[in-house]
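Okay, so here's the structure we're looking at.
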Amino acid sequence: MTYAHLYRHRWLLIRLPIVLAMVVMAAAAWWWLYPMPPTQLTISSGQADGAYQRHALRYAEAFARHGISLEIHSSEGSATNLQRLQARPPQTDLALVQGGFGWSSAAGAARSAADVQTLGSVDIEVLWLFSREQPMTSLLDLAGKRVAAGPEGSGHRAMLQRLLRQMHVDLGQVALTAHSGVTARDALLRHEVDAVFMVASPSAPGIAALLAARGVHLASLRRTAAISERNNYLESRLLPEDALAPRQPPRDTPVLTTPTHLLVRQDLDPALKRLATAVELEVHSAADTFHRAGEFPALRFSDFPSAPEARRVLSQGLGGLEALLPFWWAQVLQRLLVIGVPLLLLALVLVRLVPAWVRWRLENRVTRWYGELRFIENDLANNAVNLGGMDLSRIHGRLNSMEVAIVGEGLPPELAQRCYTLRQHVNFVRQRIREYRGR
């Protein structure tokens, strides 16, 4: 295929392939290098009657408004949630986990460092201890008792076992059962257990049921400051009288609290991390028993490494296109700008540059023919006396070859005038050769 043929069909043979190549490259980059975020996420919440489940349901509503489907997986508690998040492959994208499972706990530090990030602390949970007898004042009182501490894998049980070990209580002396929430209240009222230990938000249905139950007492723990000093994921607070409802609690009660973390797997799409942080801001920004409006979500109580996307959103809010457009439109426009604009500019440059380069090659070829014709004229002018018949025949043959090449090149109309002039010059030189032969 000659340059002249390429140039004559430049729209079909040059520009169209360039455009198609750019489209293929854009599709490949969109699909592999910068894919759209998935439209479905999963969250590991908790037991069906717990605060984690209610949080997850509110997240699902908020995500749905942004075009994301959130599938909620219930679980036994925080330990199971963290295991699902760290499984390979991951069994969930988001998880709610209570404090004490991150780097602040020696038991959880080894497994919490890898592949898990926090989007913020979203709530405050209280370490609740209820009994049928007079209010307990220490976890030491649980020795020899039957305690409803939630199922294996729950944060309630893990927290209680950790604190009992620190107090040198033999775990064999405490009979733990899997009751939790409302079922734990029922078991306590039926005297099937002697105490109930839960780590839950004050708004959890199970806590409300226990506080409202007759004959059930909330423990007033002593030495809470010493326990919180030993465990930096715990904080000693005062639950004021009537803070939750009339006579709930009936008196000012010292309690231990721990934050609730919204965790995310580290390799989740950054756009979804930003969106999840915006969702938790929407869900948890209101005031609650232990915090004012706007204090949560926060990273200052973080028990896990924080996601950079969460730090930016919590400090500055959603930025750029995500602050101006709906989530999916923002993602599409970002990819058009990042992928489409550079490739469009490259296509425009190539569409203009490649045909110009082909034309330059054609013009350069015509210029070379002019140069060769100039050499022939110089030979005729400088050796007019010494040229014999063989020399003239050789020069005549060169002119014929040049003319055949000019005609066979099939130059485009843009160069037709130069070719016509060149052929006239060839004929002029051929006429001079005839004059030399006639001498």
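Looking only at the range 119-150, which residues are open to solvent by less than 30 Å² (accessible area, probe 1.4 Å) and assigned to a loop (DSSP other than H, G, I, E, B)?
Start the filter on the range 119-150 by keeping residues that are open to solvent by less than 30 Å² (accessible area, probe 1.4 Å), which leaves 119-131, 136, 138-139, 142, 147-150.
Within the range 119-150, M136, S138, A149, G150 qualify.
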| message | Regarding the range 62-73, can at least one residue be identified that is open to solvent by 30 Å² or more (accessible area, probe 1.4 Å), among the charged types (D, E, K, R) and part of a strand (DSSP E or B)? | response | yes
| request: Give the range 106-118 a look and list any residue that's modelled with pLDDT of 90 or more and crowded, with 23+ Cβ neighbours inside 10 Å, or say none. | output: V116, T118
| query | What are the residues in the range 122-149 that are closer than 15 Å to L176 by Cα and of a type in the set (A, V, I, L, M, F, W, C), if any? | reply | L129, F130, L139, L140, L142, A143, V147, A148, A149
| What is the residue count in the range 277-289 for residues that are in contact (Cβ under 8 Å) with a residue 24 or more places away in the chain, among the aliphatic types (A, V, I, L, M) and open to solvent by 50 Å² or more (accessible area, probe 1.4 Å)? | 1
| remark: In the set N378, N427, the lone residue that is open to solvent by 60 Å² or more (accessible area, probe 1.4 Å), at pLDDT below 80, farther than 30 Å from H9 by Cβ and assigned to a helix (DSSP H, G or I) is N427
| request: Can you tell me which residue within the range 190-227, out of those that are more than 27 Å from Q53 (Cα to Cα) and free of Cβ contacts under 8 Å to residues at least 60 places away in the same chain, is least open to solvent (accessible area, probe 1.4 Å)? | output: T224
| request: Output the number of the condition that R162 fails; it satisfies all remaining conditions of (1) touching a residue at least 40 places away in the same chain (Cβ under 8 Å); (2) surrounded by fewer than 17 Cβ atoms within 10 Å (Cβ to Cβ); (3) part of a loop (DSSP other than H, G, I, E, B); (4) not aliphatic (A, V, I, L, M). | output: (3)
| said: Pairs needed: first member in the range 139-155, under 14 Å from G46 (Cβ atoms) and free of Cβ contacts under 8 Å to residues at least 12 places away in the same chain; second member anywhere, crowded, with 24+ Cβ neighbours inside 10 Å and polar (S, T, N, Q); C-beta distance under 7 Å; at least 6 residues apart or different chains. | reply: none
| message | For the range 47-73, give me each residue that is more than 15 Å from L262 (Cα to Cα) and free of Cβ contacts under 8 Å to residues at least 60 places away in the same chain. | response | A48, E61, A64, R65, S69, E71
| query | What pairs can you find where one residue is in the range 347-367 and within 13 Å of L411 (Cβ to Cβ) and hydrophobic (A, V, I, L, M, F, W, C), the other is assigned to a helix (DSSP H, G or I) and open to solvent by 30 Å² or more (accessible area, probe 1.4 Å), and their Cβ atoms are less than 9 Å apart, with a gap of 6+ or different chains? | reply | V358/Y3; V358/L6; V358/R10; L362/Y3; L362/E414; V366/R418
| query | Out of all the residues in the range 33-52, is one or more more than 30 Å from S121 (Cβ to Cβ), assigned to a helix (DSSP H, G or I) and either open to solvent by 40 Å² or more (accessible area, probe 1.4 Å) or in contact with a Pro (Cβ under 9 Å, 6 or more places away or on another chain) (or both)? | reply | yes
| note | Of those in the range 234-273 that are touching a residue at least 40 places away in the same chain (Cβ under 8 Å) and part of a loop (DSSP other than H, G, I, E, B), the residue surrounded by the most Cβ atoms within 10 Å (Cβ to Cβ) is L234
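The values are calculated or read from the model by the stated rules, or taken from the named source; none is laboratory data. Everything numeric in this text was worked out from a predicted model, so none of it was measured. Every residue, glycine among them, receives a Cβ derived from its backbone with ideal geometry; neighbour counts consider all protein chains shown. Quick note on the areas: whole protein, heavy atoms, side chains included, nothing else; ligands and nucleic acids left out. Shrake-Rupley method; radii C 1.70, N 1.55, O 1.52, S 1.80 Å.
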